[in-house]
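Student: Once you've had a glance at the structure underneath, I'll fire off some questions.
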Amino acid sequence: MKELIIGGARSGKSALAQSRARQSRLTVVFLATARPDDPEMARRVAHHRQHRPADWVSVEEPLQLASALARHAGPDTCLLVDCLTLWLSNLFFAGRAVVQAQAGEPVDCPLLTGHITALLGCIPTLPGHLILVSNEVGCGIIPINAVARAFADEQGRLNQRVAAICDRVTLTAAGLPLELKGPQLEGPRTARRRAIGKSP
């Protein structure tokens, strides 16, 4: 099972992801993408560490996400990535994407493109259960800052591409989950079409 959980800030997406990871009854590997580069972020990281179950394996990987997923995946493992937004932000600032956005140029950064391509290619091949958390950035006003606009564009595209290859997609709002994609959403017609298409 590959699933994406998206939502705005403080929407409950991380809590839902952790709940589903516990419910999987599998060994959980938590992949954190945050970088504690300032006091506020360091406090947030410490807070999240303290509130994770003690038996979870925690891995901090701000950039090489596809490699980390491939390294830790297994049939009896649930991988929880929190979150794709911080990972994308790390890549945005590690390459030339920020400089290009500031100059008013289209974002064309090999570092960014390479890591995203690697992630999208990796996801369908992973054994076990994968839960990805990401921010929904398209519901607010258009940012006045050129870098913020470019980042929102890249985040929106990433969310769409990840959602397309996941089996289940859930949107959270006010702590409540709204299922956007999943087997349970298949209607009778869809199920009938699949049954007809199968060989006897």
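Student: Answer yes or no: is there a residue in segment 53-67 that is of a type in the set (Phe, Trp, Tyr), under 19 Å from the mean Cα position of the chain (by Cα) and modelled with pLDDT of 95 or more.
Tutor: Checked segment 53-67: at least one residue is of a type in the set (Phe, Trp, Tyr), under 19 Å from the mean Cα position of the chain (by Cα) and modelled with pLDDT of 95 or more.
Student: Write out, first by first residue and then by second, each pair whose Cβ atoms fall under 7 Å of each other, whose residues are 6+ apart or on separate chains, and whose first residue, in segment 87-107, is on the phi > 0 side of the Ramachandran plot while the second is surrounded by fewer than 18 Cβ atoms within 10 Å (Cβ to Cβ).
Tutor: Once the first residue is on the phi > 0 side of the Ramachandran plot and sits in segment 87-107, its partners that are surrounded by fewer than 18 Cβ atoms within 10 Å (Cβ to Cβ) give 104/146.
Student: Suppose we filter 98, 107 for residues that are within 28 Å of residue 9 (Cβ to Cβ), of a type in the set (A, V, I, L, M, F, W, C) and in a loop (DSSP other than H, G, I, E, B); which single one remains?
Tutor: 107
Student: Take the residues of segment 141-155 that are free of Cβ contacts under 8 Å to residues at least 40 places away in the same chain and out of contact with any helix residue (DSSP H, G or I) (no Cβ under 6 Å at 6 or more places or on another chain): which is nearest to residue 32 (Cα to Cα)?
Tutor: Only one residue tops the list, namely 152.
Student: Residue under question is residue 75, and the condition is that it be at pLDDT 95 or above, surrounded by fewer than 15 Cβ atoms within 10 Å (Cβ to Cβ) and not charged (D, E, K, R); does it hold?
Tutor: yes
Student: Let me ask you something else. With respect to residue 74, is the statement that it is more than 29 Å from residue 10 (Cα to Cα) and within 18 Å of the chain's Cα centre (by Cα) true?
Tutor: Considered against the rule, which asks whether it is more than 29 Å from residue 10 (Cα to Cα) and within 18 Å of the chain's Cα centre (by Cα), residue 74 comes out as no.
Student: Separate question: Please go through segment 69-95 and pick out each residue that is assigned to a helix (DSSP H, G or I) and under 19 Å from residue 162 (Cβ atoms).
Tutor: Correct list: 69, 70, 72, 84, 85, 86, 87, 88, 89, 90, 91, 92.
Student: Any residue that is in contact with a Lys or Arg (Cβ under 6 Å, 6 or more places away or on another chain) and either exposed (fewer than 13 other Cβ atoms within 10 Å of the Cβ) or under 22 Å from residue 128 (Cβ atoms) (or both) - is there at least one of those in segment 4-23?
Tutor: yes
Student: For segment 6-60, enumerate the residues that are without any contact (Cβ under 8 Å) to a residue 40 or more places away in the chain, in a helix (DSSP H, G or I) and among the small types (Gly, Ala, Ser).
Tutor: Passing the criteria: 19, 42, 46.
The values are calculated or read from the model by the stated rules, or taken from the named source; none is laboratory data. Values in this document were obtained by computation on a predicted structure and should not be read as measured data. Cβ coordinates were reconstructed from backbone atoms using ideal geometry, including for glycine residues, and neighbour counts include every protein chain displayed.
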